[in-house]
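What follows is a single structure, written as structure tokens, with notes after it.
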Amino acid sequence: GRTQGFEYQLDVDGSKRNYETRHMLVSKGEVLALVRDTTERKQQEALLQVALVQEKQLSELKSHFMTLMNHEFRTPLAVILTSSDLLERYQDRITEEQRAKHFNLIHDQVHHLAHVLDDILTISRAETAGLKLEVTLIDLEKICKIAIEDLQPILSEHKLIFSAPNGCKIALFD
């Protein structure tokens with residue numbers, strides 16, 4: 001005969017349980033039925049679904065991170081390479097001022113790369129130590145105004161003027 005099946009949920013002793021039934025007409029007046037508790041399988045499927053979503057998010061985050069790191073490293077390296085190449089090729093034709101400018105560019109870009117690596121190391125150590133991201137909404141305009149008020153007495157000859165563009169008032173921070 002033909003097999004048919006149903007899935008349903010029952011409340012058994014205060015907890016919801018999932019069941020599936022399969023039944024088949026074996027002969028005239030005789031039905032074979034199989035009832036299976038699928039609660040654990042359904043729970044495992046739900047956990048796997050959550051893990052799959054998390055894995056996809058992690059993969060997207062890693063991809064974004066790699067793109068960002070590619071940019072963060074390539075740009076300074078291009079500046080360093082260009083400046084060092086100019087210093088090498090045109091050492092007899094560039095002025096002392098131009099030479100100093102290129103050495104400063106190289107110096108600044110090396111420091112930028114060191115800061116990027118330090119940031120990566122700090123994040124890695126925080127994860128290893130088990131620190132969790134605790135995101136909070138921060139009023140940027142308020143924080144900037146407080147910082148300016150704190151700095152103003154130090155700047156005797158200059159006055160800081162702050163303006164906040166529309167839509168840039170609140171952000172998420174750890």
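The values are calculated or read from the model by the stated rules, or taken from the named source; none is laboratory data. Here the structure is a predicted model, which is why all the values come from computation and not from measurement. Quick reminder, even Gly has a Cβ in these numbers, built from the backbone with ideal geometry, and neighbours come from all protein chains shown. Note: areas computed on protein heavy atoms with side chains; ligands, DNA, RNA excluded. Shrake-Rupley method; radii C 1.70, N 1.55, O 1.52, S 1.80 Å.
Summary table
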item	result
Looking only at region 35-65, and only at residues there that are among the acidic types (Asp, Glu) and closer than 20 Å to Glu20 by Cα, the one that is most open to solvent (accessible area, probe 1.4 Å)	Glu40
Counted residues, region 2-24 - those being at positive phi and either among the β-branched types (Val, Ile, Thr) or at pLDDT 85 or above (or both)	0
Tally of residues being over 18 Å from the mean Cα position of the chain (by Cα) and open to solvent by 100 Å² or more (accessible area, probe 1.4 Å) across region 122-146	1
Those residues of region 33-47 which are among the basic types (Lys, Arg) and part of a helix (DSSP H, G or I), in sequence order	Arg41, Lys42
Scan of region 13-32 for residues that are more than 16 Å from Gln43 (Cα to Cα), open to solvent by less than 70 Å² (accessible area, probe 1.4 Å) and either in a loop (DSSP other than H, G, I, E, B) or of a type outside the set (Gly, Ala, Ser) (or both), ordered by number	Thr21, His23, Met24
Qualifying position, being of a type outside the set (Phe, Trp, Tyr), at pLDDT below 90 and closer than 30 Å to Ile120 by Cβ, among Lys62, Lys56, Lys28	Lys62
Verdict on Leu87 being over 30 Å from Ser163 (Cα atoms), touching a Lys or Arg at 6+ places or on another chain (Cβ under 7 Å) and not charged (D, E, K, R)	yes
